[in-house]
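The values are calculated or read from the model by the stated rules, or taken from the named source; none is laboratory data. Computed from a predicted structure; not experimentally measured. Cβ: placed from backbone, ideal geometry, glycine included. Neighbour counts: every protein chain shown. Note: accessible area is taken over every heavy atom of the protein model, side chains too, but ligands, DNA and RNA are not part of it. Shrake-Rupley method; radii C 1.70, N 1.55, O 1.52, S 1.80 Å.
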Amino acid sequence: MKTQITQLLGIEYPIFQGGMAWIAESTLAAAVSNAGGLGIIAGGSAPIDYLREQIRRCKSLTDKPFGVNIMLMSPNAEELAQLVIDEKVPVVTTGAGNPGKFMAAWKEAGVKVVPVVPSVALAVRMERAGADAVIAEGTESGGHIGENTTMCLVPQVADALDIPVIAAGGIADGRGVAASFMLGAQGVQVGTRFLAAEECQIHPTYKELVVKAKDTDSIVTGRYTGHPCRNVRTKFTKKLASGEKDGSLTPDEFEQLTLGSLRKAVQDGNLEEGSFLCGAIAGMIKEVKPAKEIIEEMFAQADKLLGK
Ligand code: TUI
């Protein structure tokens with residue numbers, strides 16, 4: 001499927017794998033890139049030496065383009081911004097902030113820059129700053145989220161920009177891909193569906209939670225801390241949500257409880273203290289499959305729906 005995004009990046013399918021912190025490492029990213037999408041290694045708040053190793057490992061596993069996601073709230077953002085230049089990473093996506101101060105250096109180095117935006121205002125600023133495309137991410141996404149929905153945000157961002165728009169949030173099959181194109185997107189970013197990819201290195205308990213989730217099994221916690229986060233509904237996240245609602249947890253206590261909770265979910269499958277981030281579309285995911293099958297099925301269905 002050819003779009004402005006496949007042409008811009010030299011990939012076969014216009015799909016980015018979400019840069020999920022603690023989750024998106026070189027094995028998953030290389031599998032997605034080898035399948036013709038854009039695999040992404042998450043910077044998260046990981047140490048720079050680990051990320052350098054992951055980037056080099058990804059290069060050894062694929063000769064296709066891949067990207068690195070920089071979480072701008074992370075203390076290592078500055079160092080990682082330089083690492084992607086030094087390692088000649090072809091594409092950078094950013095999240096959780098405004099990457100304006102890094103833009104000139106990335107452009108000069110020939111890195112393609114694709115920021116995640118939760119609003120039209122930030123999308124317009126990113127285009128002016130030289131972004132190659134933007135990812136308009138709706139509140140259906142997993143992890144740290146904005147307020148606007150994919151259905152409302154994507155067409156408004158597409159109307160406001162000349163550069164291509166990638167839709168994210170709530171997309172897990174060909175219907176979501178086709179709908180995104182109808183909304184004016186030139187590509188999609190998919191996170192939650194790849195949690196249930198065979199190559200995704202998360203704890204088996206995490207995959208099981210995603211595959212067993214129903215439509216009502218995602219929950220947003222932490223709005224009162226200023227960092228709302230969508231997770232699988234578990235005993236732990238229900239406790240956080242009720243503490244937030246009835247005031248029995250202060251924002252500081254909430255932050256203390258959630259510190260390190262993503263690592264506990266991803267590495268240990270810890271249901272008592274782990275935050276299993278997932279998007280609202282988890283209920284649609286029923287099977288663990290190789291990334292290549294996920295992508296090929298998604299685009300075969302989208303092609304059919306779009307009458308190609
Ligand atoms: O970043 C994400 N999702 C994430 S990051 C993450 S790890 C984390 N750790 C600690 C606290 C919070 C998160 C888990 N999930 N998605 C991309 C995203 N970016 N969602 C929303 C935004 C965003 C929000 C505000 C992007 C830009 C922005 O700009 C504000 C400004 O500066 O104008």
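Yes/no matrix, rows are residues, columns are (1) touching a residue at least 40 places away in the same chain (Cβ under 8 Å); (2) in the same structural domain as L271 (by TED's automatic domain parsing); (3) open to solvent by 100 Å² or more (accessible area, probe 1.4 Å); (4) in contact with a Phe, Trp or Tyr (Cβ under 6 Å, 6 or more places away or on another chain):
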{"position": "I219", "(1), (2), (3), (4)": "no, yes, no, no"}
{"position": "G222", "(1), (2), (3), (4)": "no, yes, no, no"}
{"position": "H227", "(1), (2), (3), (4)": "yes, yes, no, no"}
{"position": "V232", "(1), (2), (3), (4)": "yes, yes, no, yes"}
{"position": "K239", "(1), (2), (3), (4)": "no, yes, yes, no"}
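Between a residue in the stretch 9-24 that is at negative phi and any residue that is within 16 Å of the ligand (Cβ to nearest atom) and in a loop (DSSP other than H, G, I, E, B), which pairs come within a Cβ distance under 6 Å, given they are 6 or more apart or on different chains? Note: pairs meeting the criteria are G18/G191; M20/G191; A21/G44; I23/I202. Of the residues making up the stretch 250-260, those that are part of a loop (DSSP other than H, G, I, E, B) and farther than 21 Å from S141 by Cα number 1.
Quick grid of which residues meet (1) at pLDDT 95 or above; (2) open to solvent by less than 10 Å² (accessible area, probe 1.4 Å):
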{"position": "M1", "(1), (2)": "no, no"}
{"position": "L9", "(1), (2)": "yes, no"}
{"position": "G18", "(1), (2)": "yes, yes"}
{"position": "E25", "(1), (2)": "yes, no"}
{"position": "A30", "(1), (2)": "yes, yes"}
{"position": "D49", "(1), (2)": "yes, no"}
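Identification of helices (runs of 4 or more DSSP H) wholly contained in the stretch 151-249 with 3 or more residues that are modelled with pLDDT of 95 or more and touching a Cys at 6+ places or on another chain (Cβ under 8 Å) yields 192-195, 204-212.
The set of residues from the stretch 122-153 being away from the ligand (no atom under 14 Å from the Cβ) and under 18 Å from the mean Cα position of the chain (by Cα) comprises D132, A133, M151.
Within the stretch 83-101, the set of residues being within 13 Å of the ligand (Cβ to nearest atom) and of a type outside the set (A, V, I, L, M) comprises T93, T94, G95, G97, N98, P99, G100, K101.
Failed condition for R263, given (1) touching a residue at least 60 places away in the same chain (Cβ under 8 Å); (2) within 20 Å of the chain's Cα centre (by Cα); (3) part of a loop (DSSP other than H, G, I, E, B), with all others met? Only one criterion is unmet by R263, namely (3). Take the conditions (1) more than 28 Å from V266 (Cβ to Cβ); (2) open to solvent by 40 Å² or more (accessible area, probe 1.4 Å); (3) of a type outside the set (D, E); M126 misses just one of them, which is (2). Could you tell me whether the stretch 163-178 includes any residue that is near the ligand (Cβ under 10 Å from one of its atoms), in contact (Cβ under 8 Å) with a residue 40 or more places away in the chain and under 21 Å from A21 (Cα atoms)? Within the stretch 163-178, one or more residues are near the ligand (Cβ under 10 Å from one of its atoms), in contact (Cβ under 8 Å) with a residue 40 or more places away in the chain and under 21 Å from A21 (Cα atoms). Count of the stretch 11-49 residues, restricted to those that are closer than 16 Å to K59 by Cβ and of a type in the set (S, T, N, Q), is 4. When residues in the stretch 54-77 are screened for being exposed (fewer than 14 other Cβ atoms within 10 Å of the Cβ) and of a type outside the set (S, T, N, Q), 4 of them pass.
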